[in-house]
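Worksheet for the structure shown next.
The values are calculated or read from the model by the stated rules, or taken from the named source; none is laboratory data. What you see is a predicted model, and the numbers here were worked out from it, not measured in a lab. Quick reminder, even Gly has a Cβ in these numbers, built from the backbone with ideal geometry, and neighbours come from all protein chains shown.
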Amino acid sequence: MRVPFGRREVAGLTWSEGSTSDAPDELRAIAEVCDELPPLADDWRALVEFAAAYYQRSVGEVALAVLPPELRRLDRDAVADRVRRMRRALDRADAAGTPANETGPVLTAEQAAARDAIVAAMASDAPGTTLLHGVTGSGKTEVYLQSAEQALAAGRQVLVLVPEINLTPQLIERFSRRFANRRIVALHSGLTPAQRLRSWLAAQLGVADLVLGTRLAVFAPLPRLGLIVVDEEHDASYKQQEGARYSARDLAVWRGRRERVLVVLGSATPSLETWQRAATERYARLALAERIGGASWPTVRLVDMGRLPRPTIGLAANAPPPALAPQLVAALHERVGRGEQSLVFLNRRGYAPVLQCGDCGWLSGCPHCSAWRVFHKQDRTLRCHHCGLAERVPRRCPECGNPDIAPVGRGTERLEEQLAALVPGARIARIDADSVRRKGALEATLGAVHAGDVDILVGTQMVAKGHDFRRIGLVAAVNPDTSLFSSDFRAPERLFALLMQAAGRAGRDAARSDSEMWLQTWHPAHPLYQALARHDYAAFAAGQLRERESAGLPPYSHLAVLRADARTADAARAFLDAAAAQAQALAESEGVMVYAPVPLDVARVADVERMQMLVESTSRTQLQAMLHAWGPRLDALHLARSDAGARILRWAIDVDPLTI
Ligand code: ADP
Ligand code: ZN
Ligand code: ZN
C-alpha cells in the first residue's frame with residue numbers, strides 16, 4: 001500500500017489490524033492499497049518480528065531490508081501489472097508443454113538411508129532439524145535433490161539456501177535439469193531489481209515450486225513451504241555483516257520450527273554450534289562417510305618448515321626459508337610432467353603485504369588505517385585493502401630517499417611469479433579478488449582450468465570453494481599457520497573447514513588414487529593438522545569443544561558485541577564505558593557479563609577508530625532480556641553525547657557475532 005507521510009507518499013506494509021495509541025485526528029487514511037498481492041502471511045510477519053527482536057533492530061528496518069526494493073518504488077498499478085505479466089508468462093510456458101525431468105542416479109546405500117530418514121522426518125508432526133554430515137563429494141546435493149523431489153511431489157514448496165552467489169548458477173542448472181517440470185526461481189542480491197521482484201512475486205503468490213538463493217532468501221514468503229535445505233551451513237556468509245546482522249542459518253531453523261517444516265543443514269565441516277546440537281540430540285544427525293565412486297581422501301603431507309635445509313655460509317644463513325619447500329616443488333614438477341593439475345593456495349592477495357626501506361626501516365603503512373598498504377606489482381601500486389587508498393609505488397623511500405625499497409613477505413602475485421621460476425614451462429593461472437575484477441575473467445580462467453589449459457592454479461580461498469575440478473591431483477596450502485594462533489576463537493574452525501574443502505578439490509576422479517594435499521607449516525604436530533591428516537572432523541570438533549567449554553565460549557555461552565565507531569579512540573571508549581555503566585544498573589543484567597572495551601584487530605579504518613565490547617551469558621534468554629532493556633538506553637546515550645569531543649559516529653549490537 002502507499003500512505004501519506006508528511007508531504008510525500010511512501011510505500012508501507014499493513015502489519016496488523018490491531019489498535020494504535022495515536023489520537024484519531026493524527027491518523028491519516030491509506031492512499032492506495034495493493035490488492036493484487038495477497039497479504040503477507042502471519043508466518044512471514046512472525047519471522048520478521050522475531051528477527052527484529054532477536055537481532056535488536058526495528059521491524060520496519062528488517063522488513064524493508066528483505067523485501068524487493070522495487071516493491072517500494074512501484075505504485076499499485078505497476079505492481080498489478082508485474083503480477084499479470086508474470087502469470088501470462090507462466091501460462092505461455094505451460095502451453096508450451098512440460099519438458100522431461102532428468103532422472104537422477106541410483107542412490108548409494110548411505111544416500112538412500114539419508115534420503116529415507118529425511119522423507120520420514122518431513123512427514124512427522126514435529127520435523128525438527130537434521131544435520132547431514134557428508135564429506136565433500138559424498139553426494140549431499142544428490143540427497144537434497146531426491147528429498148526435494150518428494151516434497152515437490154507432495155505439492156509443497158522447497159527453499160534451498162547456498163552461501164555464495166557464485167555457486168547459484170551451477171546449482172540452479174542442476175536443479176532445473178532435474179525438475180524441468182517445476183518452477184524454480186533464484187533469489188539473491190546479484191539479480192537486477194526487476195528479476196528480484198519477479199522471483200519474490202513467484203514465491204509469494206505460490207507459483208514458484210523451488211526457491212534457491214543466498215541468505216536473504218530465508219525471508220522468501222512461501223505459502224506452501226515443505227522443506228528447507230541450508231547447504232554448507234557452517235559458511236560465514238550466512239551471517240549478514242551490516243544493518244540487521246542476522247544469521248540466515250539460525251533463522252531457517254527458527255522458521256522451520258514455527259512452520260513445522262523440516263530443516264536440513266548440510267556440511268562436511270559443520271559449525272561447532274550445529275555439531276554440538278546434533279551431539280546432544282537436539283538435531284538429528286545423518287552421515288555420508290564415503291566419497292561417490294570410492295574416490296580416496298588425499299594423502300596429507302605436512303612439511304615442517306623449521307627443518308628445511310638452509311644455506312650455511314655467509315649472510316644467507318640468516319635468510320628466511322624458501323617460499324616453497326624443495327620436496328613440494330619436486331612434487332609439482334612431477335604432476336606437471338604427468339599432465340596433471342595442481343592447486344596452490346595462499347590466503348593473501350597482492351605481491352607483498354608491505355614494502356620496507358632497508359636503510360631507515362620505513363614501512364608502507366596506510367595514513368588512514370592501522371594497516372600496511374599492500375604492494376601490487378602488476379599495476380605498480382600500493383593499496384590499502386581496508387580503505388581502498390591506492391597510490392603509485394614511490395621510486396625511493398619517502399623518508400630517507402633511499403632507492404632500495406623491497407617487498408617483505410608474499411601474496412598470490414608473488415607466489416605466481418615464484419612458481420613460474422621454480423617450475424619452468426608450467427602453465428600457471430591465478431584466481432583472486434584482483435584477477436577476477438574484470439567481468440568474465442573468473443569464467444574464462446575456470447574454463448581454461450576445466451579445458452586442461454592450466455597446469456598450476458594459484459589463488460586465495462576463492463579457489464578452494466565449490467568448484468568441481470576433475471583433474472586436480474595435488475593441492476598445497478603455502479602458509480596456513482597464520483590463522484592458527486589468531487585472537488579470534490573461531491579461527492581454527494574456519495581454517496579446518498577451509499583446508500578440508502581445499503583437500504576435497506583433489507582426487508575427485510575415482511581413478512586418481514594417489515592425490516595429495518601438502519601443508520607447509522611450522523607446527524606439524526598441531527592437533528588441527530593431525531586431525532586433518534586423518535581426515536577426522538569428529539576428533540577436531542571434540543578437541544575444539546573441550547577448549548570452548550573450559551573457556552566458556554560458544555556453544556557453551558552466548559555472545560553479543562557492542563561496537564562503537566568514532567573519530568577518536570577516546571570517544572569510542574567513553575561511549576562503551578558509559579554503556580557498560582548503564583548495563584550494570586539494569587536488573588536484567590543478572591547472569592550477564594560485560595567485558596572491558598577493546599579495539600578491533602584493525603582498530604582504525606579510513607580515519608575511524610573502532611572499538612568493541614563483549615557481552616556474554618550462559619543463558620540465551622537472559623542475554624536477550626538484557627539486550628532488550630539495554631537497546632533503548634543506548635539510543636538515548638548516543639543522542640545525549642552530541643558535543644564534539646564525545647560524539648561517536650555509529651554504534652551497533654551484533655548478536656551471535658561470528659568474528660571477534
Ligand atoms: P556433495 O554435494 O556432497 O559434494 P554431490 O551430490 O555434488 O556431492 O556429488 C558428487 C558427484 O557425484 C556429482 O557429480 C554427482 O552427480 C555424483 N553423484 C552423487 N550421487 C551419486 C550416485 N548415487 N551415483 C552416481 N553418481 C553420484
Ligand atoms: Zn628509508
Ligand atoms: Zn587504509
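Being touching a Leu at 6+ places or on another chain (Cβ under 6 Å) and part of a loop (DSSP other than H, G, I, E, B) is the filter here; which residues of region 223-239 pass it? Before you say what the answer is, go through the steps one by one.
So in region 223-239, the residues touching a Leu at 6+ places or on another chain (Cβ under 6 Å) come out as 227-228, 230, 233, 236, 239.
Scanning region 223-239 gives a single hit, Glu233.
Please count how many residues of region 36-73 are assigned to a loop (DSSP other than H, G, I, E, B) and either in contact (Cβ under 8 Å) with a residue 40 or more places away in the chain or of a type in the set (Gly, Ala, Ser) (or both). Walk me through it before giving the result.
Of all residues in region 36-73, those assigned to a loop (DSSP other than H, G, I, E, B) come to 36-41, 55-58, 67-68.
Among the residues that remain, those that are also either in contact (Cβ under 8 Å) with a residue 40 or more places away in the chain or of a type in the set (Gly, Ala, Ser) (or both) are: 36-38, 40-41, 55-58, 67-68.
Here the count works out to 11.
Could you please find all residues in region 376-390 being in contact with a strand residue (DSSP E or B) (Cβ under 7 Å, 6 or more places away or on another chain) and away from ligand 3 (no atom under 11 Å from the Cβ)?
Within region 376-390, His376, Arg380, Thr381 meet the criteria.
Tell me, which residue of region 486-535 that is of a type in the set (Ser, Thr, Tyr) and assigned to a loop (DSSP other than H, G, I, E, B) is modelled with the highest pLDDT?
Looking at residues that are of a type in the set (Ser, Thr, Tyr) and assigned to a loop (DSSP other than H, G, I, E, B), I get Ser515.
Can you tell me which residue among Gln146, Gln111, Gln150 is within 15 Å of Ile228 (Cβ to Cβ) and either away from ligand 3 (no atom under 16 Å from the Cβ) or not in a helix (DSSP H, G or I) (or both)?
Values: Gln146 fails: within 15 Å of Ile228 (Cβ to Cβ); Gln111 fails: within 15 Å of Ile228 (Cβ to Cβ).
That would be Gln150, the only listed residue that is within 15 Å of Ile228 (Cβ to Cβ) and either away from ligand 3 (no atom under 16 Å from the Cβ) or not in a helix (DSSP H, G or I) (or both).
Go through (1) surrounded by 13 or more Cβ atoms within 10 Å (Cβ to Cβ); (2) within 15 Å of ligand 2 (Cβ to nearest atom); (3) free of Cβ contacts under 8 Å to residues at least 24 places away in the same chain; (4) not hydrophobic (A, V, I, L, M, F, W, C) for Thr381 and report which single condition fails.
Thr381 satisfies all of (1) surrounded by 13 or more Cβ atoms within 10 Å (Cβ to Cβ); (2) within 15 Å of ligand 2 (Cβ to nearest atom); (3) free of Cβ contacts under 8 Å to residues at least 24 places away in the same chain; (4) not hydrophobic (A, V, I, L, M, F, W, C) except (2).
Within region 579-596, take every residue that is under 33 Å from the mean Cα position of the chain (by Cα) and over 11 Å from Trp630 (Cβ atoms) and give me the one that is surrounded by the fewest Cβ atoms within 10 Å (Cβ to Cβ).
Here the answer is Ala596.
Out of the residues in region 352-378 that are within 16 Å of ligand 2 (Cβ to nearest atom) and part of a loop (DSSP other than H, G, I, E, B), state the one that is nearest to Gly452 (Cα to Cα).
So the first thing to find is which residues in region 352-378 are within 16 Å of ligand 2 (Cβ to nearest atom), and the list is 354-365, 372-373, 375.
Imposing the further condition that a residue be part of a loop (DSSP other than H, G, I, E, B) reduces the set to 358-362, 364, 373.
Values: Gly358: 43, Asp359: 47, Cys360: 48, Gly361: 45, Trp362: 44, Ser364: 39, Arg373: 36 Å.
Result: Arg373.
Got a sec? Which of Thr312, Thr299, Thr269 is modelled with pLDDT of 95 or more and not aromatic (Phe, Trp, Tyr)? Give the derivation first.
Numbers: Thr312 fails: modelled with pLDDT of 95 or more; Thr299 fails: modelled with pLDDT of 95 or more.
Exactly one residue qualifies, and that residue is Thr269.
Keeping to region 119-135, report how many residues are more than 26 Å from His535 (Cα to Cα) and surrounded by 22 or more Cβ atoms within 10 Å (Cβ to Cβ). Talk me through it step by step, then tell me what you get.
If we filter region 119-135 for residues that are more than 26 Å from His535 (Cα to Cα), which is where we start, we get 119-128.
Pick out the ones that are also surrounded by 22 or more Cβ atoms within 10 Å (Cβ to Cβ) and you get 127.
Result for region 119-135: 1.
Could you check region 114-132 and list, in sequence order, the residues that are more than 20 Å from Ile292 (Cα to Cα) and in a helix (DSSP H, G or I)?
The answer is Val119, Ala120, Ala121, Met122, Ala123.
Within the group Arg84, Arg115, which residue is more than 28 Å from Leu201 (Cα to Cα) and either in contact with a helix residue (DSSP H, G or I) (Cβ under 7 Å, 6 or more places away or on another chain) or loosely packed, with under 15 Cβ neighbours inside 10 Å (or both)? Steps first, answer last, please.
Details: Arg84 fails: more than 28 Å from Leu201 (Cα to Cα).
None of the other options fit; the residue is Arg115.
Just give me the residues in region 436-476 being touching a helix residue (DSSP H, G or I) at 6+ places or on another chain (Cβ under 8 Å), part of a loop (DSSP other than H, G, I, E, B) and at pLDDT 90 or above, in sequence order.
The answer is Val454, Asp455, Thr460.
Quick test for you: out of Ser58, Ser138, pick the one residue that is away from ligand 3 (no atom under 16 Å from the Cβ), surrounded by 15 or more Cβ atoms within 10 Å (Cβ to Cβ) and polar (S, T, N, Q).
Values: Ser58 fails: surrounded by 15 or more Cβ atoms within 10 Å (Cβ to Cβ).
Just one listed residue meets the conditions, Ser138.
State which residue is nearest to ligand 2 (Cβ to nearest atom) when the search covers only region 390-404 and only residues that are touching a Lys or Arg at 6+ places or on another chain (Cβ under 7 Å) and not small (Gly, Ala, Ser).
Taking the candidates together, the pick is Asn402.
So how many residues does region 590-609 have that are assigned to a strand (DSSP E or B), touching a strand residue (DSSP E or B) at 6+ places or on another chain (Cβ under 8 Å) and under 30 Å from Thr621 (Cα atoms)?
The total comes to 5.
Which residue pairs have Cβ atoms closer than 6 Å, lie 6 or more positions apart in sequence or on different chains, and pair a first residue in region 182-204 that is closer than 24 Å to Ala96 by Cα with a second residue that is modelled with pLDDT of 95 or more and part of a helix (DSSP H, G or I)?
Arg182/Leu152
Name the residue, out of Arg335, Arg349, that is among the basic types (Lys, Arg) and either within 16 Å of ligand 3 (Cβ to nearest atom) or assigned to a loop (DSSP other than H, G, I, E, B) (or both).
Step by step, each of Arg335, Arg349 is checked, and only Arg349 is among the basic types (Lys, Arg) and either within 16 Å of ligand 3 (Cβ to nearest atom) or assigned to a loop (DSSP other than H, G, I, E, B) (or both).
Going residue by residue through region 407-419, is there one that turns out to be within 16 Å of ligand 2 (Cβ to nearest atom), in contact with a strand residue (DSSP E or B) (Cβ under 9 Å, 6 or more places away or on another chain) and closer than 22 Å to Cys357 by Cβ?
The answer is yes; a qualifying residue exists.
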